[in-house]
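Take a look at the structure set out below.
What follows is calculated from the coordinates using simple rules that are stated; it is not laboratory data. Model, not experiment: these values are computed from the prediction. Please note: Cβ atoms are built from the backbone with ideal geometry, for glycine as well, and neighbour counts cover all protein chains shown.
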Amino acid sequence: MIAHIFEDLCNGCHRCVAVCPTHVLDVGDGTPVIARLDQCQTCYMCELYCEADALYVGPDAHVAESVDPQAIRASGHLGRIRRDHGWDRPDEAGHLDRYRLLGPLLQEGGETAARRYRTLAAGGTDTAD
Amino acid sequence: MPPILKDIQPFTPPPFVRKGVDLFRDRWPIKLFGEGTIRGNGGLRILDENCGTNVAGLYAAGDAATRELATGAVSGGGAVNSAWALTSGQIAGAAAARRSLALRDKMVGAARAVGSAGIAPASDERSIDRKAIEADVDHHMNSYQHSLWRSRTQLGDTLALLDTHWRMIGDHGWAQGSRLVALRETAALTATARWCTAAALARNESRGIHVRVDAPALDPACGVRLLTGGLDRVWTRPERRAYAEAAE
């Protein structure tokens, strides 16, 4: 669930208020207000659209999280999802083209799982290889 | 896989990183989340090459549009489903824009709401317990008991309950502004759940992820899609054979 809005980073564009599909945020005095936290479904849409990297969404979809703003700021999480998706800079997201490698990767995962189940069935010890 | 996963699915690692869990080395609790049986397997019926529906000026795209024409009964989050989301959005958007342009000089006056749920209650206004209704919809659509082991009796009970909720919203629901948006969403969830349930009742067989414990075998005679609709009265009927064949 959305956990924090950094007032000093927020540029007041209020785009997060508009894109939130479940109307969690209200327009505030300069900075948006988290008005209906119980409706947050942890979709990260607000983070994607925040060009100021002023939002942090906690990973738990069911439990509100109180965070240490300074620790979040230092963690490098702010804006990472937006940048990794090339959300507002598609020309910087060439890596997404490697999406076609997902099929072979899933295949590899399936084979790894099958190997582990065979080992377990034969009385062996499970190892996360 | 570790380095490449961040490249091709940038949304997957962040929740783990933020939680302090090593996606590839640690173990973490998992939970099965029901998506119902609708994802990728239903939606507004598309009737022409512009993603048009049977409502003039309404074009369907993405998850809101039926995509059997592109994918059959296969669901999923990527591959042809992603391609469908992008292409249907472009097709539907272009068609809507063309229609708007053509009507540009003929538009006069304000738009008129044709829906009535939450807007024009049939009886006196009462407060609607949206959370209770949505909890019922969630339980009857997504719980293991209801989604994995369907039966005529259970589906009948579900439909009766959902009908009650629909009547409550239609008779007594009224709101404005963002509260109206929320109430209309509750109404849409209820309507969609009634359509899913009615179609599941009409399909007296088990096929794919639709499992009827009282009709566990696949019936070759039922190899046709079901259409469903209606608000105060929900209906279902088999899709015309000719349409099904034209799609193949």
Subject >> DSSP bridge orientation in the protein assembly as shown - percent antiparallel, rounded to nearest 5 >> reply: 85 percent
**OP:** Tally the DSSP beta bridges in chain B and give the antiparallel ones as a percent, rounded to 5.
**Re:** 75 percent
Original post:
Hey, what number do you get for chain B at 222 nm if only DSSP H runs of n ≥ 4 count, each worth -39500 (n - 2.57), divided across all residues, to the nearest 500?
Top reply: -14500 deg cm²/dmol
Subject >> Cα convex hull of the protein assembly as shown, projected area averaged across orientations, nm² >> reply: 24.5 nm²
Original post:
Distance from the Cα centre of the range A:1-72 to that of the range B:168-242, in angstrom?
Top reply: 35 Å
Original post:
When Cβ neighbours within 10 Å are restricted to other protein chains, what is their mean count per residue of peptide A:53-66?
Top reply: 2
**OP:** Can you give me the span-like helices of chain B, meaning DSSP H runs with 27 Å or more of Cα extent along the axis and Kyte-Doolittle mean at or above -0.5?
**Re:** B:79-102, B:152-172, B:177-202
**OP:** Report, as an integer, the average count of C-beta atoms from other chains found within 10 Å of each Cβ along B:116-129.
**Re:** 0
**OP:** Might you list the cysteines of chain A that have no disulfide-compatible partner by the rule of another cysteine's Cβ under 4.7 Å?
**Re:** A:C10, A:C13, A:C20, A:C40, A:C43, A:C50
Subject >> chain A: proportion of alpha-carbon pairs further apart than 23 angstrom, % >> reply: 49 percent
Original post:
Can you list the HN-Hα couplings for the range B:107-119, worked out from phi with the Karplus curve (6.51, -1.76, 1.60; θ = phi - 60°), rounded to whole Hz and with x for Gly and Pro?
Top reply: 6, 9, x, 7, 5, 10, 6, 9, x, 10, 4, x, 10
Subject >> Among B:A193, B:W28, B:V224 the positive-end extreme of the charge dipole of the protein assembly as shown (Cβ point charges) >> reply: B:V224
Original post:
What is the Å³ per residue value for the convex hull set by the Cα atoms of the range B:136-238?
Top reply: 96 Å³
**OP:** Could you state the angle between the C-alpha long axis of helix A:102-121 and the longest principal axis of the C-alpha atoms of chain A, as a value from 0 to 90 degrees rounded to the nearest 10?
**Re:** 50 degrees
**OP:** Of the options B:L103, B:V114, B:L86, report the single residue whose Cα projects farthest towards the positive end of the charge dipole of the range B:41-136 (beta-carbon charges: Lys, Arg +1; Asp, Glu -1).
**Re:** B:L103
Original post:
Placing +1 at every Lys and Arg Cβ and -1 at every Asp and Glu Cβ, with all other atoms neutral, what dipole size does chain B have around its Cα centre, in debye to the nearest 20?
Top reply: 320 debye
Original post:
What is the magnitude of the charge dipole of the protein assembly as shown about its Cα centre, with +1 placed on the Cβ of each Lys and Arg, -1 on the Cβ of each Asp and Glu, and no other charges, expressed in debye to the nearest 20?
Top reply: 900 debye
Original post:
Ordered by residue, what ³J(HN,Hα) values in Hz, to whole numbers, does the range B:51-66 give under the Karplus form 6.51 cos²θ - 1.76 cosθ + 1.60, where θ = phi - 60° and Gly and Pro are x?
Top reply: 6, x, 10, 7, 9, 4, x, 9, 10, 10, 8, x, 5, 6, 9, 5
**OP:** In a Gaussian network model over chain B where Cα atoms closer than 10 Å are linked, find which of B:T71, B:T158, B:T186 has the largest mean-square fluctuation.
**Re:** B:T71
Subject >> Convex hull (Cα only) mean projected area of chain B, reported in nm² to one decimal >> reply: 18.2 nm²
Subject >> Nearest-20 debye value, the range B:130-247 charge dipole, Cβ charges on Lys, Arg, Asp, Glu >> reply: 200 debye
Original post:
Taking the Cβ of A:G12 as the center, what net charge do the other residues with Cβ under 12 Å away carry, scoring Lys and Arg +1 and Asp and Glu -1?
Top reply: -3
**OP:** Report, by chain and number, residues whose modeled amide H sits under 5 Å from the one on B:A65, excluding near sequence neighbours (fewer than 5 apart, same chain).
**Re:** B:L44
